[in-house]
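Below is the structure I would like to discuss, written out as structure tokens.
The values are calculated or read from the model by the stated rules, or taken from the named source; none is laboratory data. Keep in mind the model is a prediction, meaning the values are calculated, not measured. When we count neighbours, we look across all protein chains shown, and the Cβ atoms used for this are built from the backbone with ideal geometry, even at glycine. These area figures cover heavy atoms from the full protein model, side chains too; ligands, DNA and RNA do not enter into them. Shrake-Rupley method; radii C 1.70, N 1.55, O 1.52, S 1.80 Å.
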Amino acid sequence: MSDYQNIRFHVEDRVGRITFARPPLNVFTIEMMREIGKALGECAQRDLVAVVFDADKDCRAFSAGVAVEDHVQDTIFQMLDAFHSIFRLLELLAKPSIALVDGAALGGGCELIAACDIVIASDRSRFGQPEIKLGVFPPVAAVLLPRVIGEKRARELILTGEIIDSVEAGRLGLCNHVVPGAHLEPKLLEVLAKLRELSGTSLAYARQSLDLGRGRSIDDALSEQENIYLHELMKTEDANEGVKAFLEKRKAVWKHR
């Protein structure tokens, strides 16, 4: 649709497809995240069996994460609001969500992976939460990653910023399927064929029940994370130094306060 500048969105055969199209790395800007939210809003108005996230063939990554320049004081609130709205909308939409990953899914890209019901990744894909190296932390991953891959490994990935390959991601349960790059689309079509045979209404209720079964809603959990991030973390010298050092292309000098 012409009103999208950073993504492409279309609906075909009861599947909404949101394609990230901000080469080379699909870094999420506030504008791009708002477009993703708008597309999810359009999905809510349709009779869909699934929503698929993928990246344009001209991009080298699924997403390298949220733009670091949007982590500064002037835009941090808008950044968190735009990004977290995606996860709140996914929960409200209550449709099966599928991520098709070929390349890096880091930071916010990895958080989106964690939120999807089914992840199909190529064998060259990489995943990780490197935010701690900037002096910040990933709020969505802090909520979702322990639920998806287990408490201990999630803590290690978030606290060290380690990047893992698709084999390890599959072993941990972050990916459902790891296939050669040429097999990504066929595997997606295989999964979608199964979903199209089912009742969209029943799928929505099943998705909703799964969300309820894990305890707290994304909305409640993220509200607490946002409070810590905005009113405590971003008032520390180190969080601001980490972002500033990245933008200035130098090594951060931590003061540990």
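Looking at the range 205-245 only, could you name the residues that are among the basic types (K, R) and either over 14 Å from V140 (Cβ atoms) or in contact (Cβ under 8 Å) with a residue 40 or more places away in the chain (or both)?
Residues of the range 205-245 that are among the basic types (K, R), as a first pass: 207, 214, 216, 235, 244.
Listed by number, the residues that qualify are R207, R214, K235, K244.
Going by the structure shown, is V11 outside any loop (DSSP other than H, G, I, E, B) and crowded, with 18+ Cβ neighbours inside 10 Å?
So V11 fails the test.
Follow-up question, since we're still on this one. Looking only at the range 186-221, which residues are of a type outside the set (A, V, I, L, M), assigned to a helix (DSSP H, G or I) and under 20 Å from the mean Cα position of the chain (by Cα)?
Residues satisfying the conditions are R207, Q208, D211, D219, D220.
Among the residues of the range 222-253 satisfying the criterion of being part of a loop (DSSP other than H, G, I, E, B) and in contact with an Asp or Glu (Cβ under 9 Å, 6 or more places away or on another chain), which is surrounded by the most Cβ atoms within 10 Å (Cβ to Cβ)?
It comes out as A252.
Just to verify a result, which residue in the range 140-168, among those that are charged (D, E, K, R) and in a helix (DSSP H, G or I), is nearest to E91 (Cα to Cα)?
R147
Something else: Among the residues of the range 169-180, which ones are assigned to a helix (DSSP H, G or I) and open to solvent by less than 40 Å² (accessible area, probe 1.4 Å)?
A169, G170, L172
Could you tell me whether the range 70-80 includes any residue that is within 24 Å of S125 (Cβ to Cβ), open to solvent by 10 Å² or more (accessible area, probe 1.4 Å) and at pLDDT 95 or above?
Within the range 70-80 (the criterion being within 24 Å of S125 (Cβ to Cβ), open to solvent by 10 Å² or more (accessible area, probe 1.4 Å) and at pLDDT 95 or above), the answer is no, since none of the residues qualifies.
Out of F137, F127, I need the residue that is open to solvent by 10 Å² or more (accessible area, probe 1.4 Å) and not in a helix (DSSP H, G or I). Which one?
When all the criteria are applied, what remains is F137.
Name the pairs: first residue in the range 59-84 and free of Cβ contacts under 8 Å to residues at least 12 places away in the same chain, second residue surrounded by fewer than 22 Cβ atoms within 10 Å (Cβ to Cβ) and aliphatic (A, V, I, L, M), Cβ to Cβ under 9 Å, at least 6 apart or on different chains?
These pairs meet every condition: D81/I30.
Restricting the search to the range 150-168, which residues are of a type outside the set (K, R), surrounded by fewer than 19 Cβ atoms within 10 Å (Cβ to Cβ) and at negative phi? Please lay out each step first, then the result.
Just the residues of the range 150-168 that are of a type outside the set (K, R), to begin with: 150-151, 154, 156-168.
Narrowing further to those that are surrounded by fewer than 19 Cβ atoms within 10 Å (Cβ to Cβ): 150-151, 156, 159-163, 165, 167-168.
If the condition is that a residue be of a type outside the set (K, R), surrounded by fewer than 19 Cβ atoms within 10 Å (Cβ to Cβ) and at negative phi, then E151, E156, L159, T160, E162, I163, D165, V167, E168 are the ones that fit.
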